[in-house]
Amino acid sequence: MYKTVIFFLIASHFLVSTERVQAQTNKANGNFRSGPAIGAISGKIFEEASKTPIPFAAVALLQAKDSSVVVGALTDERGGFIFSELPYGNFILKISAIGFKDYANGKITLKPGSELVDLGSIKLNKMVMQLKEANVVGDKSDFVQGVDRKIYNVDKNITNTGGTATEVLQNIPSVTVDIDGNLALRGSGNVTVLIDGKPSALTGATRQAILQQIPASAIDQVEVITNPGAKYDAEGMAGIINIKTKKEKLQGLNANITAGMGTNNKYNLALGFNKRNAKVNLFTNYAFRYEDRFGNGRGEQHLFLPDTNYYYINNNSNINSSYFHSLKSGIDWYLSARQTFGLSATITTRFEQRPENLVFTFNDKDLNIIAASDRQTANKEAVDNLDLNFDHKFNFTEKSEWNNALTVSLNKRSVENVFINDIENYINLPYQRQFNSGQSLLITAQSDYSYKYAPSIKLDYGVKLTTRYNDAAINADRFSLIQQAYINDQNITDRFVYDERVPASYFQLSNEVHQLKFVAGIRAEYSYIKGTSSSLNTTNVNKYISLFPSMAMRYDWNNNTEFQLTYSRRINRPGQQQLNPFVDYSDTLNLRKGNPFLKPEFIQSFEVGINKRIKELTINATVYYRFTNNLLSRFRNVDANGVATMQPVNFETSQNIGLEAIFRYQLGKLGNVMLSFNGFNNTVSAANLIPELQATNRSWNGRANVNLRIAKPLMVQFTGMYAAKQRNPNSIINGMMNGVDLGLKYDFWKNAGSLSFNLTDVFDTKEFRVNNFGPTFNFLGYRKRETRIANLTFAYRWGKAEQINRKRQERRQGSEQMEMDF
């Protein structure tokens, strides 16, 4: 039945698209739309009286025929702006700045032979009464509020210099990253991570691996989408975090280099290159990173039974040495003003070794040591990843657009663990060794079509197929003292194959009535998930069809006030590691295993928000509510022998209500301050496991970002974040100061070069403490990694052509949001 449904949806999609092609490609092409989109319009804005530049002025480019917005931007610190990749045609330029009279120029034309228009110096006159700021892109350059997302421009964040995506996300409001690299959004770890709007086979490994393999220097923007529309996959409880990497599109030949070093053997290098003409854009980015980082931890488990009372205590220390190489290359073909092809490939390789020493002690109730052991682990891990992306964009007319995308992602992972124990190993040989390997294949094919039936009415529909295949194997040997050889141990040898297929189709309608803009859509997904354990000789299949409605509304009260209302239904499917029934015995006192009978979570999410601008102050506040059925969570249980088992389970329900607020104040030319707060109350019921097992978690986190320009070439940045205590049904996570970071950046050589210094976790306060508890046990855990790190980074950029404003993605995003296209 489901095959018939999916076939019908796909067939109808392509039949309608083909009909549009035949009907529209034969229409006459008016105006100057026959050439490629290579035009550019630039200028600089000054105050009439003082002749000084006007930074952060709102600039909008509109089509002359219908006054529809083409693109919007804010001027830079020197009052400059430039719009690139423009098609031929007639345009209107509008400028608005606080305290100045509005400006408009309706005599701008791009045509063959006149592709570049330099408007020169544009002078604005002051007015006695302050005018409201024009609503072009929402906020200042480092933060943009869209209809369904918040966009953070992070490419100039000094405190991230020399780091990875982990450090970048630590500075994003409502996003928390703990000491182990675990990511959470608004208190939930069930968040989907996309790279350039697409999933990657890296997601088949660990979330930490994804973040650690993306250098901060390669990231341009981070989008936080808490209530995605029907266009997006329904996966993810808390929403989507989309990491946008850099892809240069500057005219001519351009290149850049970034090189840095940090304390305790940390080095990074990044190179970028692109060459562009009217028809082709070639680009390449390379990144290298090496680091040594120490860590330590402690676990104390108290077991109390009627006839037993004792402690298990372990202390561990390790040094993590790792390096990675990342190479991304691609080409864009501008076949015409209406058609573009894109092809890119990203190759990433990472190697890590992590020697660890783990000391166990068995203690009586008075903490006197009864027995002890010392285990040493030699861990080596290698990960290789290849992402291939193909994109095709075709504009039939100004009203219709067809986008196709194909992504193939391959991931190969191998891990070698060798354990030495001083009790069993009296002949000084490893008593256990373990070889883990995994291969992942992810293929996504998507086709989207959009058509404007009227200036304010737009219909989007499309189909998508996602196929994910993961093959993970564990081969373990124990050293036999009798045979004096390694013997395969079938009790801890396993192979698990995960097969997931999700075909989907969606419809979405957008409209605008006066100040009210809204979009509503529905997405259908068929889920087929198969998990096969070779060691246990078991196979579990789960398949179901789900519908996911979504809606977003925005009401523009005036130029300075906007109201928003959004709703979406989402799903969180159990992953490979959660479904694998294999028991991990690498720590014989703390076992881990999956649960093949897990059900998917279904989440309903509501948000109400306001965006208010009061002169230099911007306030963004959102109240949100999430209700979850079959909440996926980890549950720790301890048997009478003191052996703990951690296993994922389905809790009954979860209800989360919270408030998110972002305050941004522009300090004129001196800089800006951004404060954010997220507070929530989360009630979890696990009565399906233990009667009356329920917990209410009231927690919050706050963050502060301060950017100051001490002198014209010198920038200073401070960031700090604190996450309060969190309570779950059988655990408490202590409050954590995520650290105060400091960054300095000095520009020279007419801003072509820069030297940056940053110090992360200045007071060395970032650590992780957890308390797990049950009727017969209490566990206290502590982990600490090296987080106080100093980095010094040099960057230089050069090219033949004038630099195009690197806010192009923000401008494009701003215009898309005003058209309600998401």
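The values are calculated or read from the model by the stated rules, or taken from the named source; none is laboratory data. Just so you know, these numbers come straight off a predicted model, no measurement behind them. Note that we place each Cβ from the backbone using ideal geometry, even for glycine, and neighbour counts take in every protein chain shown. Accessible surface is based on the protein model in full, side chains and every heavy atom, while ligands, DNA and RNA are left aside. Shrake-Rupley method; radii C 1.70, N 1.55, O 1.52, S 1.80 Å.
Tabulated data for the structure shown
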read-out: The range 689-701 - residue that is open to solvent by less than 20 Å² (accessible area, probe 1.4 Å) and either of a type outside the set (A, V, I, L, M, F, W, C) or under 30 Å from Tyr746 (Cβ atoms) (or both) and, of those, nearest to the chain's Cα centre (by Cα); value: Asn701
read-out: Any hit, the range 351-367, residues being more than 23 Å from Asn436 (Cβ to Cβ), within 22 Å of the chain's Cα centre (by Cα) and of a type outside the set (Ser, Thr, Tyr); value: no
read-out: Segments classed as strands (runs of 3 or more DSSP E), wholly inside the range 709-775, with at least 1 members that are in contact with a Ser or Thr (Cβ under 7 Å, 6 or more places away or on another chain) and in contact (Cβ under 8 Å) with a residue 40 or more places away in the chain; value: 714-723, 726-728, 736-748, 753-760, 768-773
read-out: Set Thr628, Thr539, Thr532, Thr645: member being open to solvent by less than 20 Å² (accessible area, probe 1.4 Å) and either in contact with a strand residue (DSSP E or B) (Cβ under 6 Å, 6 or more places away or on another chain) or at pLDDT 90 or above (or both); value: Thr628
read-out: Pairs with Cβ under 7 Å, 6+ apart, first in the range 464-491 and part of a strand (DSSP E or B), second aromatic (Phe, Trp, Tyr) and open to solvent by 70 Å² or more (accessible area, probe 1.4 Å); value: Asn475/Phe435
read-out: Number of the exception - Asn403 against (1) open to solvent by 40 Å² or more (accessible area, probe 1.4 Å); (2) over 30 Å from Pro455 (Cα atoms); (3) polar (S, T, N, Q); value: (2)
read-out: Yes/no for Leu358 being open to solvent by 50 Å² or more (accessible area, probe 1.4 Å), of a type in the set (A, V, I, L, M, F, W, C) and part of a strand (DSSP E or B); value: no
read-out: Selected residue [open to solvent by less than 40 Å² (accessible area, probe 1.4 Å) and not in a loop (DSSP other than H, G, I, E, B)] from Phe677, Phe651; value: Phe651
read-out: Failed condition for Ile369, given (1) open to solvent by less than 40 Å² (accessible area, probe 1.4 Å); (2) farther than 30 Å from Ser456 by Cα; (3) at pLDDT 85 or above; value: (1)
read-out: Qualifying residue in the range 315-335 (condition: of a type in the set (D, E, K, R) and more than 30 Å from Thr776 (Cα to Cα)); value: yes
read-out: Residues of the range 255-281 classified as under 15 Å from Ser756 (Cα atoms), open to solvent by 50 Å² or more (accessible area, probe 1.4 Å) and in a strand (DSSP E or B), total; value: 4
read-out: Set Thr346, Thr284: member being assigned to a strand (DSSP E or B), crowded, with 19+ Cβ neighbours inside 10 Å and modelled with pLDDT of 90 or more; value: Thr346
read-out: Matching residues in the range 296-343 - criterion: being outside any strand (DSSP E or B) and either of a type in the set (Asp, Glu) or closer than 30 Å to Phe394 by Cα (or both); value: Asp307, Leu335, Ser336, Ala337, Arg338
